[in-house]
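Please read the structure below before turning to the comments.
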């Protein structure tokens, strides 16, 4: 697609990976709406990058329905959803709490489903659309301490495959991106200690570039899945 014709909703777009995705899309001529739960940060970010701000918690069904309607009303239509909102909790099995598990699933899995469900109705009516789900290499392989987060990302991969099977006949491309560790505030937001910047590891700009490249492919084809690793990470 020509990104100058893209009207995009990026969930979790007020910081980190979502912010970089929104910025790059806007620089290429797309109209972009971002959502987030922190009103002050969301409005500040939207104003700085020239995006539409929609306050919403993707784990809340009523808020997702309202958000999608607001974006469609604001842009006239939308043709791209970037399902980026998500967070992690990490710890050994014996320390996993039901509360942490339920909260992560509510945002990473149910939130992604709700956004895709509402947007897909619009896409089907227009016989066109693009959904990109942001998963993780944690959705390809489990690891010690990853019970909660990895489970949520395996679920995102499974849902992606189901939606792709359902929606291809409507000219809707459903794609998956699996970043390895990206240097954002994700780890500290998940309760981890702050890490020093490491130039050899992935930055959000690499993932934003991947997403734009996937969208820019001619609509007759699509990249079903892209996994992005740092070439030679140190430390």
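Structure values in brief
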read-out	value
Residue 87-residue 28 pseudo-label distance in nm [points 7 Å out on the Cα-to-Cβ vector]	2.9 nm
As computed over segment 94-159, the Cα convex hull volume per residue (Å³)	71 Å³
Principal-axis tilt of helix 61-75 within the chain, Cα atoms, nearest 10 degrees	40 degrees
Relative frequency of Cα-Cα separations exceeding 29 Å in the chain, percent	22 percent
Relative contact order (%) - criterion: Cα under 8 Å, at least six apart; region: the chain	20 percent
Cβ-based exposure ranking for 140, 7, 121, in which fewest neighbours within 10 Å come first	121, 140, 7
Surface/4 of the Cα convex hull for segment 98-235, nm²	9.2 nm²
Virtual paramagnetic centre 7 Å along Cα→Cβ of residue 217, amide N under 19 Å, in segment 143-158	157-158
Share of alpha-carbon pairs per 10 Å distance bin for segment 24-95, given as whole %	17, 47, 24, 9, 4
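Since every read-out is calculated from the coordinates, none of them should be taken as a lab result. Nothing here was measured: the structure is a model prediction, and the numbers come from that model. Neighbour counts are summed over all protein chains in view; Cβ atoms, including those assigned to glycine, are modelled from backbone coordinates with ideal geometry.
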